[in-house]
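The values are calculated or read from the model by the stated rules, or taken from the named source; none is laboratory data. Just so it is clear, the model here is predicted, and its values are computed rather than measured. Cβ: placed from backbone, ideal geometry, glycine included. Neighbour counts: every protein chain shown. All accessible areas refer to the heavy atoms of the entire protein, side chains included, with ligands and DNA or RNA removed. Shrake-Rupley method; radii C 1.70, N 1.55, O 1.52, S 1.80 Å.
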Amino acid sequence: MRGGRLRHRIDLYKPATQTANALGETRAEPTRVLSESSGGGWWASITPVSGSESDSARQTQGVVTHEIRMRWNPVLNIGPAWSATYNARRFEFVSVVNADEMNKETLIAAREMVGQFPNP
């Protein structure tokens, strides 16, 4: 996978886990996953899905608005319950695929959550 295509720095979030605050109240909060190499976000490409691709994606996966590509990472174990943010935009994952089962690239079908704030 050519690194030049990965020009968006995204933050990945694992599914929400229950946490307790000082008062003992629990709330579900997604966990931000940091990149080991930089201690920050992950390099990815975010591409809007064209109209015809979007129509076929809706039939099998629900509303898909973007495709996110990133390097495959065996440690992450990304799944459909995950999400990502890029700038002030939030994406929920619909499906996650190891491209061609070659352990080089992860393809993520995602929907942009318009009008909602990103994860904390």
Would you mind telling me which numbered condition in (1) modelled with pLDDT under 80; (2) of a type outside the set (Gly, Ala, Ser); (3) surrounded by 17 or more Cβ atoms within 10 Å (Cβ to Cβ) THR106 fails?
(1)
Can you name the residue in region 109-120 that is farther than 19 Å from VAL64 by Cβ and surrounded by fewer than 10 Cβ atoms within 10 Å (Cβ to Cβ) and is also modelled with the highest pLDDT among such residues?
PHE117
Please enumerate the residues belonging to region 8-24 that are free of Cβ contacts under 8 Å to residues at least 40 places away in the same chain and surrounded by 12 or more Cβ atoms within 10 Å (Cβ to Cβ).
ALA16
Of those in region 69-89 that are free of Cβ contacts under 8 Å to residues at least 60 places away in the same chain and touching an Asp or Glu at 6+ places or on another chain (Cβ under 7 Å), the residue farthest from SER37 (Cα to Cα) is ARG89
Given the residues VAL63, VAL75, which is the only one that is among the aliphatic types (A, V, I, L, M), under 19 Å from PRO15 (Cβ atoms), open to solvent by 30 Å² or more (accessible area, probe 1.4 Å) and at pLDDT below 90?
VAL75
